[in-house]
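One structure is given below, encoded as structure tokens.
The values are calculated or read from the model by the stated rules, or taken from the named source; none is laboratory data. The structure displayed is predicted, hence computed values, not measured ones. For neighbour counting, all protein chains shown are included, and Cβ atoms are generated from backbone atoms with ideal geometry for every residue, glycine included. These accessible areas exclude ligands, DNA and RNA; they are computed on the full protein's heavy atoms, side chains included. Shrake-Rupley method; radii C 1.70, N 1.55, O 1.52, S 1.80 Å.
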Amino acid sequence: MNVLVIGGGGREHAIIMALAKSGKVDKLYCAPGNGGISKYAECHPVKATDIEGCVELAKKLQPDYVFVAPDDPLVLGMVDRLNEEGFKTFGPRANAAILEGSKVFSKALMKKYGIPTAAYETFTEADKAISYINQQNSYPAVIKCDGLALGKGVIIAKDFEEAKAAVNSMLLDGKFGKSGSEIVVEEFMTGPEVTVLAFTDGKTVKPMVSSMDHKRAYDNDEGLNTGGMGTIAPNPLYTKKIADECMEKIFMPTIKAMASEGRPFKGCLYFGLMLTPKGPKVIEYNCRFGDPETQVVLPLLKTDMMDIITAIWEEKLDSLDIEWSDKACACVVMASGGYPEKYETGKEISGLDDMGQTENVFVYHAGTRLEEGKFLTAGGRVLGVTATGDDLQSALDTAYKAVKTISFEKAHYRTDIGKRALNK
Ligand code: AMP
Ligand code: GLY
């Protein structure tokens, strides 16, 4: 089979590698891809948000499947358009991708179906939101844009002044455009976070190995929120008992709720969970694989990825056994200095080995381009240096050893990925 993957970051590189390992894949295409991906897939310079451009590309390439990886094209209905043109796909249609595309929708769904999440109210008028926050008088206050905002639409305000500024920036100043024209104000929850990615065909849900992201830019969870500076899998805080509870109270109820709303979810559903003193609760849903969670989860997948994609398309996921390795995996993101704020690109990367570094190490490219045989930096997050090991400590040791062999000007990475998980 030939597969076209839409997207061009570290997550897509990990998806491409899982597909490259499949015995059923002949040719891989990617749009737009990146420097690292171009070694394994034929890359085409069409933006992932260009719905009609990607549909045209699919018509030209005639792949057996199109795998839509990022949130924006899914929310914009790329899968719907591809299906209309007769293509088989991996990823939810727009009416299910709304689970990530609208927090107002997902919160209302959880309320209606009794799925545990933070208590909340929604607002379109700033003065009403501000008087609600004042009346609640509970800080930190959590204020979220309804729509997609590149991971920046969540503000945890430590006092009333900060909360008021957040509300005004969204509802009055239009800082997040249409995404911020409605907001959610919710209860602040505490506890460790767990990501669980799950395969689902709309009826059956099969959770993958759990993981833990590290969202802040600097060590000890300091600095600004980023797309993710590193991940580990499995997450040692996610015990069998918690997994069973999540299956019963969160995963299955979500899949059933979406089906009974006439919005069956097909693809990968991302559960962002918090293990609160009152049990696991949903922080957010994403309608796709996480980045950089995918980089540590897919290397542990033993089942052929193409069998899973086919089973989901045919809605036969219940009859497929998905197997996972019992090893651990760690990913350390090397970013451009200054990320997530201003940073420079075009720096030459040295120390990369085409063969995937040493044994047990693979370097996923997030923001690189290949120019005259040289890899140059081309984004905020540049590389995801990933290692597997018999346990988390050895995976981390191997990943950090590999990080030290790679360099580019002003490279920045966290030195404490996995530390909290090891000291649980
Ligand atoms: P989100 O984009 O919704 O995942 O939010 C980004 C981050 O903000 C999460 O990973 C949490 O660390 C934090 N966060 C979001 N909602 C809450 C909440 N209700 N209570 C505490 N922290 C939260
Ligand atoms: N790593 C967080 C996300 O993919 O949204």
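The table below lists the values:
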item: Of all residues in region 261-281 being touching a helix residue (DSSP H, G or I) at 6+ places or on another chain (Cβ under 9 Å) and assigned to a loop (DSSP other than H, G, I, E, B), the one that is least open to solvent (accessible area, probe 1.4 Å); result: 265
item: All positions within region 180-227 that are among the small types (Gly, Ala, Ser), within 16 Å of ligand 2 (Cβ to nearest atom) and within 27 Å of residue 251 (Cβ to Cβ); result: 198, 210, 211, 227
item: Residue in region 357-367 that is open to solvent by less than 30 Å² (accessible area, probe 1.4 Å), in contact with a Pro (Cβ under 6 Å, 6 or more places away or on another chain) and outside any helix (DSSP H, G or I) present; result: no
item: Selection count where residues are within 22 Å of residue 362 (Cα to Cα) and of a type in the set (Lys, Arg), scope region 191-230; result: 1
item: Unmet criterion (only one of (1) open to solvent by less than 10 Å² (accessible area, probe 1.4 Å); (2) within 14 Å of ligand 1 (Cβ to nearest atom); (3) under 15 Å from residue 331 (Cα atoms)) for residue 295; result: (2)
item: The listed residue being buried (at least 21 other Cβ atoms within 10 Å of the Cβ) and either in contact with a Pro (Cβ under 7 Å, 6 or more places away or on another chain) or among the polar types (S, T, N, Q) (or both), out of 325, 336, 319; result: 336
item: Breaking point among (1) open to solvent by 10 Å² or more (accessible area, probe 1.4 Å); (2) part of a helix (DSSP H, G or I); (3) at pLDDT 95 or above, for residue 420; result: (3)
item: Close pairs from region 4-31: first closer than 13 Å to residue 364 by Cβ and open to solvent by 10 Å² or more (accessible area, probe 1.4 Å), partner within 16 Å of ligand 1 (Cβ to nearest atom) and at pLDDT below 95, Cβ under 9 Å, at least 6 apart; result: 9/227
item: Test for residue 153: is it within 30 Å of residue 384 (Cα to Cα) and touching a strand residue (DSSP E or B) at 6+ places or on another chain (Cβ under 6 Å); result: yes
item: First in region 232-261 and within 9 Å of residue 210 (Cβ to Cβ) and without any contact (Cβ under 8 Å) to a residue 12 or more places away in the chain, second anywhere and open to solvent by 60 Å² or more (accessible area, probe 1.4 Å) and of a type in the set (Asp, Glu), Cβ under 6 Å, 6 or more apart; result: none
item: Flag for residue 284 being touching a residue at least 12 places away in the same chain (Cβ under 8 Å), acidic (Asp, Glu), surrounded by fewer than 24 Cβ atoms within 10 Å (Cβ to Cβ) and more than 16 Å from ligand 2 (Cβ to nearest atom); result: no
item: Residue within region 160-178 that is out of contact with any His (no Cβ under 8 Å at 6 or more places or on another chain), of a type in the set (A, V, I, L, M, F, W, C), surrounded by fewer than 16 Cβ atoms within 10 Å (Cβ to Cβ) and under 23 Å from residue 414 (Cβ atoms) present; result: no
item: Of residues in region 186-207 being near ligand 1 (Cβ under 10 Å from one of its atoms) and hydrophobic (A, V, I, L, M, F, W, C), the one most open to solvent (accessible area, probe 1.4 Å); result: 188
item: Criterion (over 30 Å from residue 92 (Cα atoms) and part of a loop (DSSP other than H, G, I, E, B)) met by exactly one of 400, 343; result: 343
item: Unique match (being assigned to a strand (DSSP E or B), charged (D, E, K, R) and closer than 25 Å to residue 330 by Cα) among 206, 241; result: 206
item: Residue selected from region 78-102 under the condition part of a loop (DSSP other than H, G, I, E, B) and open to solvent by 30 Å² or more (accessible area, probe 1.4 Å), by the criterion farthest from ligand 1 (Cβ to nearest atom); result: 86
item: Positions within region 103-127 being within 15 Å of ligand 1 (Cβ to nearest atom) and open to solvent by 20 Å² or more (accessible area, probe 1.4 Å), in sequence order; result: 103, 104, 105, 111, 116, 117, 119, 120, 121, 122
item: Test: residue in region 266-276 that is more than 16 Å from ligand 1 (Cβ to nearest atom), among the aliphatic types (A, V, I, L, M) and more than 10 Å from the chain's Cα centre (by Cα); result: no
item: Residue ID - surrounded by the fewest Cβ atoms within 10 Å (Cβ to Cβ), chosen from residues in region 128-155 that are assigned to a helix (DSSP H, G or I) and polar (S, T, N, Q); result: 135
item: Every pair of residues 6+ apart whose Cβ atoms lie under 7 Å, when the first sits in region 208-231 and is open to solvent by 10 Å² or more (accessible area, probe 1.4 Å) and within 13 Å of ligand 1 (Cβ to nearest atom) while the second is assigned to a helix (DSSP H, G or I) and small (Gly, Ala, Ser); result: 212/421
